[in-house]
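Some notes on the structure that comes next.
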Amino acid sequence: MPSTLIKGKYVLCKVGSQDKVEVITDGAVFQKDGEIIDVGKYDTIKACYAADEEIGSDQHMVLPGLVNAHQHTRGVSHLLRGASDDSLELWLIRLLEQKPVDPYLDNMYSIARLIESGVTTVMHSHFPTSPHYEEGVMSALKAFQDGGIRVAFALGIRNQNHLVYEDDQKFLNLLPPSLATRARQYCADWVSEEEYFALFARLHKEYETNTSPTVRILHGPAAPQWCSDELLIRVKRSADEYQTGIHAHMLETIYQKLYAFKRFGKTFVEHLNDIGFLGPGVSFAHCIWVTESDIELLAESGASVCHNPSSNLRSKSGIAPINYMMANGVNVALGMDSFTINDDDDMLQELRLCANLHRPPGLGKLSPTAGELLKMATVNGAKVTLFSKQIGTLEKGKRADIILVSLESMTEPYLEPELGVINVLLGRGKASDVDTVMIDGEIVLRNRQHTRINKGEIVAQLRESLREALKPSDVVRIRLAQELRPYVFEFYKDWQEPVARPFYIYNSA
Ligand SMILES: [Zn+2]
């Protein structure tokens, strides 16, 4: 692998103590064989090292690759495939109405867009599908390796409450007989625990050796409402045994909060704490409907939260209280959940949405600083993906996951010299400003052109395959979902939601 000198007008090395962003003006990074050898002033680095190649300029900002801490790595959007936005519980049923798509092409399309927005590491939550489970897992893993992106692959499983937050049989009893028969088949068609743990063991052996330094295999129990306690305990035991992490969804909607009280008489976080599930290697996407004591428990246990601002708005789930989480010492990372506000996987825009969503009205109210925001998308994300030792900062000894962002359109026609460069990035940066992306020392995007992925060809193949007529099995599934939706709506209708006075309510109950 060639050595590279990476030059920038500003090199954002890391978010240091008290969330101060450490910036070197007229700086450079030198990498060899995927390892950062040195970082400093350009003139000094240039004099010390003979690089095979020099990239960047004084029109670039250089920073650590961004970490998308929660994604399902789907390329063609749900909206385009026929699942319009809705409340999460109904939207999950709408997902069954989507036109099917080739999983490998879909993952590759997603990976191409992630790289274009400066994402070099992704937490892939492999939501368990039915059937064709192993096939989907293997094609996704192949896509990550072919695309060259670093991945924490959370292998998904669920074993209950397949249609609503209730025992399957109890819900099926509420349906007309012919619909119940078809829905029963859907509920039965999931990967078994034995198959899941066998696959996990195989993948762990295959990827968690040094032959695949850019892949980590994690457990991915879908969420506490979708997994029995026995399954969660077994997952936790296995994660400890294999010394890996766990990534799950948690408390995304008010209905999940209410369900936890119905089932356990306490919050999910309290229950998970009671069964010994929480810990430093555990991360949860969403966590919108947490209580103050939940936040304390998460902080005490060292568990992390992966915040997904766009997704939470689009699925009418609410706004996670991340200001309070961070103030109480919870590690909070940022994810896009394959469901962003412009439907485009733009990580810089997601950062901006995050910044603006957590600025409550009133002078002096708690809101994330620029350093905290950048930390969420770098250091904190590195922690949840288990790559803390390798990435998240530009420092000697770290792996060379580096992005170059063009300053040109961000700073046109004038930049006030006193304005911190991080404020420019957070206030104006877009995926279209990301010029070059390096992962593990390899340039995967150069001058906005992919070096590994033929995106045009992938889009052409997707376009072609999505025009094909539906198979009879797809028609059956779509009809099932359409018929189920009113019953799902009816099921939650009388759940006691908090009263909003006088207008909207997001996360207070
Ligand atoms: Zn998700």
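GLU135 - would you say it is farther than 30 Å from LYS430 by Cα, touching a residue at least 24 places away in the same chain (Cβ under 8 Å), outside any loop (DSSP other than H, G, I, E, B) and out of contact with any Gly (no Cβ under 7 Å at 6 or more places or on another chain)? Even if it seems obvious, please write down each step before you answer.
Numbers: farther than 30 Å from LYS430 by Cα: yes; touching a residue at least 24 places away in the same chain (Cβ under 8 Å): yes; outside any loop (DSSP other than H, G, I, E, B): yes; out of contact with any Gly (no Cβ under 7 Å at 6 or more places or on another chain): yes.
It is true that GLU135 is farther than 30 Å from LYS430 by Cα, touching a residue at least 24 places away in the same chain (Cβ under 8 Å), outside any loop (DSSP other than H, G, I, E, B) and out of contact with any Gly (no Cβ under 7 Å at 6 or more places or on another chain).
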So which residues in region 111-127 are open to solvent by 10 Å² or more (accessible area, probe 1.4 Å) and in a helix (DSSP H, G or I), if there are any at all? ARG113, GLU116
For region 19-32, state whether one or more residues are open to solvent by less than 10 Å² (accessible area, probe 1.4 Å), more than 16 Å from LYS396 (Cβ to Cβ) and not polar (S, T, N, Q). no
Would you mind listing the helices (runs of 4 or more DSSP H) fully within region 247-317 where at least 2 residues are basic (Lys, Arg)? 254-264
Counted residues, region 243-259 - those being closer than 12 Å to LEU88 by Cα, more than 11 Å from the ligand (Cβ to nearest atom) and not polar (S, T, N, Q): 3
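Out of the residues in region 97-135 meeting the condition of being hydrophobic (A, V, I, L, M, F, W, C) and within 16 Å of the ligand (Cβ to nearest atom), tell me which one is modelled with the lowest pLDDT. Give the derivation first.
Looking only at region 97-135, we keep the residues that are hydrophobic (A, V, I, L, M, F, W, C), and these are 101, 105, 108, 111-112, 114-115, 119, 122-123, 127.
Now restrict to residues that are within 16 Å of the ligand (Cβ to nearest atom): 114, 119, 122-123, 127.
Details: LEU114: 98, VAL119: 98, VAL122: 98, MET123: 98, PHE127: 83.
Here the residue is PHE127.
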Please go through (1) within 16 Å of the ligand (Cβ to nearest atom); (2) without any contact (Cβ under 8 Å) to a residue 40 or more places away in the chain for SER317 and return the number of the only condition it doesn't satisfy. (2)
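Identify the residue in region 296-314 that is open to solvent by 10 Å² or more (accessible area, probe 1.4 Å) and either at pLDDT below 95 or away from the ligand (no atom under 16 Å from the Cβ) (or both) and, among all such residues, is nearest to ALA382 (Cα to Cα). Reasoning before the result, please.
Filtering region 296-314 for residues open to solvent by 10 Å² or more (accessible area, probe 1.4 Å) gives 296-297, 299-302, 313-314.
Still in the list and also either at pLDDT below 95 or away from the ligand (no atom under 16 Å from the Cβ) (or both): 296-297, 299-302.
Values: GLU296: 22, LEU297: 22, ALA299: 17, GLU300: 20, SER301: 18, GLY302: 14 Å.
Top of the filtered list is GLY302.
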Would you be able to say whether some residue in region 59-80 is polar (S, T, N, Q) and out of contact with any strand residue (DSSP E or B) (no Cβ under 8 Å at 6 or more places or on another chain)? yes
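Condition first: among the hydrophobic types (A, V, I, L, M, F, W, C), touching a His at 6+ places or on another chain (Cβ under 9 Å) and modelled with pLDDT of 95 or more. Can you find one or more residues in region 444-460 that meet it? Spell out the reasoning first.
The first filter runs over region 444-460 and keeps only residues among the hydrophobic types (A, V, I, L, M, F, W, C), leaving 444-445, 453, 458-460.
Okay, now just the ones that are also touching a His at 6+ places or on another chain (Cβ under 9 Å), so 444.
Then drop every residue that is not modelled with pLDDT of 95 or more, which leaves 444.
Within region 444-460 (the criterion being among the hydrophobic types (A, V, I, L, M, F, W, C), touching a His at 6+ places or on another chain (Cβ under 9 Å) and modelled with pLDDT of 95 or more), the answer is yes, since at least one residue qualifies.
Considering only residues that are under 19 Å from PHE261 (Cβ atoms) and at pLDDT below 95, which ones fall in region 461-499? Step through it out loud before you land on a result.
Looking only at region 461-499, we keep the residues that are under 19 Å from PHE261 (Cβ atoms), and these are 491-499.
Result: LYS493, ASP494, TRP495, GLN496, GLU497, PRO498, VAL499.
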Hey, PRO2 hits all of (1) assigned to a loop (DSSP other than H, G, I, E, B); (2) within 16 Å of the ligand (Cβ to nearest atom) but one; which does it fall short on? (2)
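Just to be sure I understand, how many residues within region 56-96 are in a strand (DSSP E or B), away from the ligand (no atom under 14 Å from the Cβ) and under 20 Å from the mean Cα position of the chain (by Cα)? Before you say what the answer is, go through the steps one by one.
Looking only at region 56-96, we keep the residues that are in a strand (DSSP E or B), and these are 56-64, 66-71.
From the residues that got through so far, the ones that are away from the ligand (no atom under 14 Å from the Cβ) too are 56-64, 66-67.
Within this subset, residues satisfying the condition of being under 20 Å from the mean Cα position of the chain (by Cα) are 63-64, 66-67.
Number of matching residues: 4.
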Every residue in region 193-235 that is surrounded by 21 or more Cβ atoms within 10 Å (Cβ to Cβ), over 17 Å from VAL384 (Cβ atoms) and not hydrophobic (A, V, I, L, M, F, W, C), please. TYR196, PRO224, GLN225
Among the numbered criteria (1) surrounded by fewer than 22 Cβ atoms within 10 Å (Cβ to Cβ); (2) within 16 Å of the ligand (Cβ to nearest atom), which single criterion is violated by MET347? (1)
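The values are calculated or read from the model by the stated rules, or taken from the named source; none is laboratory data. Keep in mind it's a predicted model, so treat the numbers as computed, not measured. Ideal geometry is used to build each Cβ from the backbone, glycine not excepted, and the neighbour counts take in all protein chains shown. With ligands, DNA and RNA removed, areas are computed over all heavy atoms of the protein, side chains included. Shrake-Rupley method; radii C 1.70, N 1.55, O 1.52, S 1.80 Å.
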